[in-house]
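Here's the structure, in structure tokens; my notes come after.
The values are calculated or read from the model by the stated rules, or taken from the named source; none is laboratory data. Not measured: the values here are computed from a predicted model. Positions of Cβ are backbone-derived with ideal geometry, glycine not excepted, and every protein chain shown enters the neighbour counts.
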Amino acid sequence: MAALEGGVAACAVSSGSAAVAMTIMALAGAGDNFVSSIHVHGGSSHQFSGLAKQMGIECRFVKSRGPNDFAAAINDKTKFVWVETISNPSNMILDFEALSLVCHAKGVPLICDNTFGCAGYFCRPIDHGVDIVVHSATKWIGGHGTTVGGIIVDGGTFNWGIHGERFPQFHDPQTKLWERFTRRAFAIRCQFEVLRDTGSTLSAPSAQQLLIGLESLAVRCERHAQNTAEVANWLREQPLVAWVSYVGHPDHPDHQGALRYLQRGFGSVICFGLRGGFEGCARFCEALKMVIIAAKYVTPFSCVFTIVICFDSLGDAKTLVLHPASTSHEHISPEDRAEIGVTDDMIRLSVGIEHISDIKADFTQAFEQILEPGEIRQVEDRKIQLQKEINSRLFSPSAHL
Ligand SMILES: Cc1ncc(COP(=O)(O)O)c(C=O)c1O
């Protein structure tokens, strides 16, 4: 992974969420802060505003894309700046090079969650001034949605030596991480200190599955990119589709950023708006036969209970859809959701490597179904209600105290 990302060392961990949490713990402590784009994965935003806060670490969210706004949020207690390659799910690409200049001028590292960059296949942020990269390996790296894992890659670019006052953990007289390991000091801190303390180890069978996944990464990503471009164009022609957000489209606001920072294609996640809003989206997801709902309804014991497993996956070989407003982002207020572009009518689509005609056929039959309200509607209304109830329990602030 370090080689694929152009880094100097890496640390494999038990999940992408563990990679995010461990990176925070490696760099910040009570009384510190960090700066993050508001356009991050729902789980990360939950960690930033919940877990980090519990540890006494403040996350300063930046709403705009302007490097000056990030600069203004940094002070002498700031330990890093956090962005995503193509933000999940708002499909925003920030200007890494400009942000890296700002961060380095202020003496803090720039960190990128490069999950959507597919292990360096579509994007190598370290080549563009990013210092540390994290991944949810659960997605394209494993590639089949069977294995949970995470990776932290040290770019070896940040000089912890000249910023000793801000980062005393690299200058502890006992461990002397900077003196002994220099460019690999951050990875070593993750491997031998944070991993040891948190126990977020990647299990050996999971590591094996992820390595098998990596063997086919390039072939899968090539097909992901082709299918995604074709589906994005096709969706634009569908009468039920109100809008499509795909960074490969020349009229996407971040298409220039995509041309600059992505290679070999424009990734494999797009979002689209469905006429019919919140309810129409939920009904559309349920009507799909081949395409899988990433946040699923399952009936583990009997048909009496329907519970929602909100694992919010993407990057599988199989095409996955998600209705963020009712699942991954349900814990965020409608106003804040609107701020990060998660509208009620938004479907997030992770395009798989199936034959393109199978994907289109499944979508076509689902579009046809949601045109006719029938009995199915009552069942789905009930499911939406249950989903909301369960999510409000799962995601309510008190659930995490
Ligand atoms: C961008 C991003 N980062 C981190 C995560 C968390 O990863 P994991 O599910 O492996 O814990 C996800 C999960 O969806 C993600 O999309």
Query raised in the report: Of these, T147, T115, which one is β-branched (V, I, T), more than 14 Å from the chain's Cα centre (by Cα) and within 11 Å of the ligand (Cβ to nearest atom)?
Result: T147
Query raised in the report: If you check R337 against the conditions, is it among the basic types (K, R), modelled with pLDDT of 90 or more and closer than 18 Å to I86 by Cα?
Result: no
**Report entry** Search result, residues across the stretch 11-56 that are among the β-branched types (V, I, T) and within 13 Å of the chain's Cα centre (by Cα)
**Finding:** V20, I38, V40
**Report entry** Residues being more than 9 Å from the ligand (Cβ to nearest atom), β-branched (V, I, T) and touching a residue at least 60 places away in the same chain (Cβ under 8 Å) - total across the stretch 14-34
**Finding:** 1
Report task. Collect the residues in the stretch 131-144 that are more than 10 Å from the ligand (Cβ to nearest atom), in contact with a helix residue (DSSP H, G or I) (Cβ under 6 Å, 6 or more places away or on another chain) and part of a loop (DSSP other than H, G, I, E, B), keeping them in residue-number order. Result -> G143
Query raised in the report: Going by the structure shown, is I151 assigned by TED's automatic domain parsing to the domain that holds V108, surrounded by fewer than 16 Cβ atoms within 10 Å (Cβ to Cβ) and either in a strand (DSSP E or B) or among the aliphatic types (A, V, I, L, M) (or both)?
Result: no
Query raised in the report: Of all the strands (runs of 3 or more DSSP E) wholly in the stretch 1-103, which have at least 3 residues that are at pLDDT below 95, out of contact with any Lys or Arg (no Cβ under 6 Å at 6 or more places or on another chain) and closer than 29 Å to C271 by Cα?
Result: none
Report summary line: Just one listed residue, out of R223, R264, is assigned to a loop (DSSP other than H, G, I, E, B) and either of a type in the set (K, R) or touching a Pro at 6+ places or on another chain (Cβ under 6 Å) (or both), and it is R264
Query raised in the report: Does any residue of the stretch 7-18 turn out to be assigned by TED's automatic domain parsing to the domain that holds I152, touching an Asp or Glu at 6+ places or on another chain (Cβ under 8 Å), surrounded by 19 or more Cβ atoms within 10 Å (Cβ to Cβ) and among the polar types (S, T, N, Q)?
Result: no
Query raised in the report: What about G42, is it buried (at least 19 other Cβ atoms within 10 Å of the Cβ) and more than 20 Å from V153 (Cα to Cα)?
Result: yes
Query raised in the report: Can you tell me which residues in the stretch 335-361 are hydroxyl-bearing (S, T, Y), within 20 Å of V291 (Cα to Cα) and surrounded by fewer than 21 Cβ atoms within 10 Å (Cβ to Cβ)?
Result: S357
